[in-house]
Amino acid sequence: MSRFDMLNYIDGQWVGHDLEKIKVTNPATGELIGTVPNGGEAETQLAIDAAHRALGDWSKRTASDRADLLRTFFNLIMEHKQELAELMTLENGKPLKESLGEVDYAASFIEWFAEEGKRVYGRTIPGKRENHRIKVIKQPVGVVAAITPWNFPAAMITRKLAPALAAGCTFIVKPPEQTPLTALKLAELAEQAGIPKGVFNVVCADPESFSNKIFSDMRVRKITFTGSTEVGRLLMKKASENIMRLSLELGGHAPVIVCDDADLDQAVEMIMASKFRNSGQTCICANRVYVQSGVYDAFIEKLSGEVKKLKWGNGMEEGVDIGPLIDKDGYQKVESQVKDALEKGAKCLVGGSGRADLEKDTYFFEPTLLVDMNESMDMMHIETFGPVLPIQKFESDEEAIRLANDTPFGLAAYFFTQNVSRGIKISEALEYGIIGWNDGVPSCAQAPFGGMKQSGLGREGGTEGIEEYLETKYISLSI
Ligand code: SIN
């Protein structure tokens, strides 16, 4: 029996009873937990029409009017924290304690951008003649369409939605087919908060039909996407036709450098938090760790003790740290990278085995620690998206920086040192958009999140995050 049969939310209406359904299953048990409509071009069209109609009123409201509604939305999310978190664990598999953390994280974007919307300032610049004045104003981009991923079913929506709405834009999101229920629950709370109809629309739909519509309708002024670099590349091609504004938060392959003067306990704690968050399924997870030779053995001893403590299982159960991988493809990628590393000489100190149940279609992987890694191994070049921590030894800072930067990706990188001048040099040399210095959990609403190179375009969060939803207009005035 399905437990959550939900509908699309378009123009303030719950619609899609008559459509074919997408089945939502629990990745920890394989059970069907709900259904949502499988919309197509017609539903996307309705959402664009609604968002466009709503734009006139929403964009003209004062920033503090919009902030009041966003604040009510934030309060409702916090009141429904437990319910949202349980739904998230059911459809995504992450441990309940992490889902509760994600609700806080998701809500923090709404709280922060509600206030940031009040600080969208223009400028007055001295003119080029005595009777010339230059005014620069900021205006909302217009209708925004978002495509979001399954790994953070709530936060990857609110990180886009909150700045868009605060800036005066209207918003359409297509959530992923694995985790649409959390998105629809957010829409329910937005409706209760009094966000006007058409301002926030959720369209569960077939990805191709959705993107065909949003890229071909000139009323959609911006696309924002979080997901793989492969899909990001396709979206960039599509966006070129109408020269559409684009924000892309794509794949990562985060290196971690542990220097010989690091506080090893701090490094272990932070690397554990970074690597095993969401079972290793985040774009900024520590993907490969380089440890200086003088502390290599001591570090591995401390780290293996911590990895051994992790418990994998159903995220609804007390004490579980590692949930399932999202699907078979994700599982096979992890399995093949571990096999490749072991065949090429890596040693497995903890875990190492997959725990797939093909009958139930569930895919757990044991928290795993691999040591004696080297550059020839796939895991040191390709994002893993699973609970596997590979360690390689290095001698000099130059070598560690070369290894860290030797990738087409540039999202997040981490390093551990107590020496300030060494740290400044390393932080400036790393070609990444986010640097954690003695920190493995850098994400927060007030800081700009985003990558260099093939990890994306634009930033989410911080002052930069609202700029992505604003146009700059120059008014040249003769008086
Ligand atoms: C991601 O994995 O894309 C987001 C991670 C974060 O926001 O910390």
(request) Please enumerate the residues belonging to the range 65-115 that are among the polar types (S, T, N, Q) and more than 14 Å from ALA154 (Cβ to Cβ). (result) THR72, ASN75
(message) Condition first: loosely packed, with under 14 Cβ neighbours inside 10 Å and hydrophobic (A, V, I, L, M, F, W, C). Now tell me which residues in the range 127-143 satisfy that.
(response) VAL136
(message) For the range 1-58, give me the residue count where each residue is in contact with a helix residue (DSSP H, G or I) (Cβ under 6 Å, 6 or more places away or on another chain) and more than 19 Å from PRO196 (Cα to Cα).
(response) 9
(request) Collect the residues in the range 417-445 that are without any contact (Cβ under 8 Å) to a residue 60 or more places away in the chain and assigned to a helix (DSSP H, G or I), keeping them in residue-number order. (result) VAL420, SER421, GLY423, ILE424, LYS425, SER427, GLU428, ALA429
(request) Look at the range 72-88 and say how many of its residues are hydroxyl-bearing (Ser, Thr, Tyr) and surrounded by 24 or more Cβ atoms within 10 Å (Cβ to Cβ). (result) 0
(message) Here is a list: VAL220, VAL289, VAL258. Which entry is touching a Phe, Trp or Tyr at 6+ places or on another chain (Cβ under 6 Å) and either open to solvent by less than 10 Å² (accessible area, probe 1.4 Å) or among the hydroxyl-bearing types (Ser, Thr, Tyr) (or both)?
(response) VAL258
(message) Just to confirm my filter: which helices (runs of 4 or more DSSP H) fall fully inside the range 58-135 and include at least 3 residues that are within 16 Å of the ligand (Cβ to nearest atom)?
(response) 96-116
(message) Taking the criterion of being of a type outside the set (Asp, Glu), assigned to a strand (DSSP E or B) and either within 16 Å of the ligand (Cβ to nearest atom) or under 19 Å from PHE364 (Cα atoms) (or both), would at least one residue in the range 234-243 satisfy it?
(response) no
(request) May I ask you to verify whether ILE48 is open to solvent by less than 70 Å² (accessible area, probe 1.4 Å), over 25 Å from PHE210 (Cα atoms) and among the β-branched types (Val, Ile, Thr)? (result) no
(request) Any residue in the range 463-476 that's closer than 9 Å to PRO140 by Cα: show its pairings with residues that are assigned to a helix (DSSP H, G or I) and among the aromatic types (Phe, Trp, Tyr) at Cβ separation under 8 Å, as long as the two are six or more apart or on different chains. (result) none
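Of the residues in the range 274-295, how many are within 8 Å of the ligand (Cβ to nearest atom) and not in a helix (DSSP H, G or I)?
5
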(message) Can you list residue pairs whose Cβ atoms sit under 8 Å apart, with the first residue in the range 268-292 being of a type in the set (Asp, Glu) and the second being within 12 Å of the ligand (Cβ to nearest atom)? Count only pairs 6 or more apart in sequence or on different chains.
(response) GLU269/GLY440
(request) Looking only at the range 304-319, count how many residues are assigned to a loop (DSSP other than H, G, I, E, B) and open to solvent by 70 Å² or more (accessible area, probe 1.4 Å). (result) 4
(request) Please indicate, with yes or no, whether at least one residue in the range 204-225 is within 16 Å of the ligand (Cβ to nearest atom) and touching a strand residue (DSSP E or B) at 6+ places or on another chain (Cβ under 8 Å). (result) yes
(request) Could you tell me whether ASP329 is without any contact (Cβ under 8 Å) to a residue 60 or more places away in the chain, under 23 Å from the mean Cα position of the chain (by Cα) and within 29 Å of PRO149 (Cβ to Cβ)? (result) yes
(request) Kindly indicate the residue of the range 189-233 that is part of a strand (DSSP E or B) and among the aromatic types (Phe, Trp, Tyr) and also nearest to VAL15 (Cα to Cα) among those meeting that condition. (result) PHE200
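Residue-by-condition table, conditions (1) open to solvent by 10 Å² or more (accessible area, probe 1.4 Å); (2) among the hydroxyl-bearing types (Ser, Thr, Tyr); (3) in a helix (DSSP H, G or I); (4) modelled with pLDDT under 95:
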{"site": "ALA145", "(1), (2), (3), (4)": "no, no, no, no"}
{"site": "TRP150", "(1), (2), (3), (4)": "yes, no, no, no"}
{"site": "PRO153", "(1), (2), (3), (4)": "no, no, no, no"}
{"site": "THR158", "(1), (2), (3), (4)": "no, yes, yes, no"}
{"site": "ILE172", "(1), (2), (3), (4)": "no, no, no, no"}
{"site": "GLU177", "(1), (2), (3), (4)": "yes, no, no, no"}
{"site": "THR182", "(1), (2), (3), (4)": "no, yes, yes, no"}
{"site": "LEU186", "(1), (2), (3), (4)": "no, no, yes, no"}
(request) Exactly one condition in (1) out of contact with any helix residue (DSSP H, G or I) (no Cβ under 9 Å at 6 or more places or on another chain); (2) open to solvent by less than 10 Å² (accessible area, probe 1.4 Å) is not met by THR417; state its number. (result) (1)
(message) Just to be sure before I move on: is LYS425 away from the ligand (no atom under 14 Å from the Cβ), out of contact with any Phe, Trp or Tyr (no Cβ under 9 Å at 6 or more places or on another chain) and over 30 Å from TYR363 (Cα atoms) in the structure I sent?
(response) yes
(message) Given the criteria more than 16 Å from the ligand (Cβ to nearest atom) and without any contact (Cβ under 8 Å) to a residue 12 or more places away in the chain, does ILE257 qualify?
(response) no
(message) Quick test for you: out of THR72, THR44, pick the one residue that is within 25 Å of the chain's Cα centre (by Cα) and over 23 Å from ALA145 (Cβ atoms).
(response) THR72
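The values are calculated or read from the model by the stated rules, or taken from the named source; none is laboratory data. Predicted, not measured: the structure shown is a model, and the values here were computed from it. Every residue, glycine as well, gets a Cβ built from its backbone with ideal geometry; the counts of neighbours run over all protein chains shown. Ligands, DNA and RNA are excluded from the accessible area calculation, which covers all protein heavy atoms including side chains. Shrake-Rupley method; radii C 1.70, N 1.55, O 1.52, S 1.80 Å.
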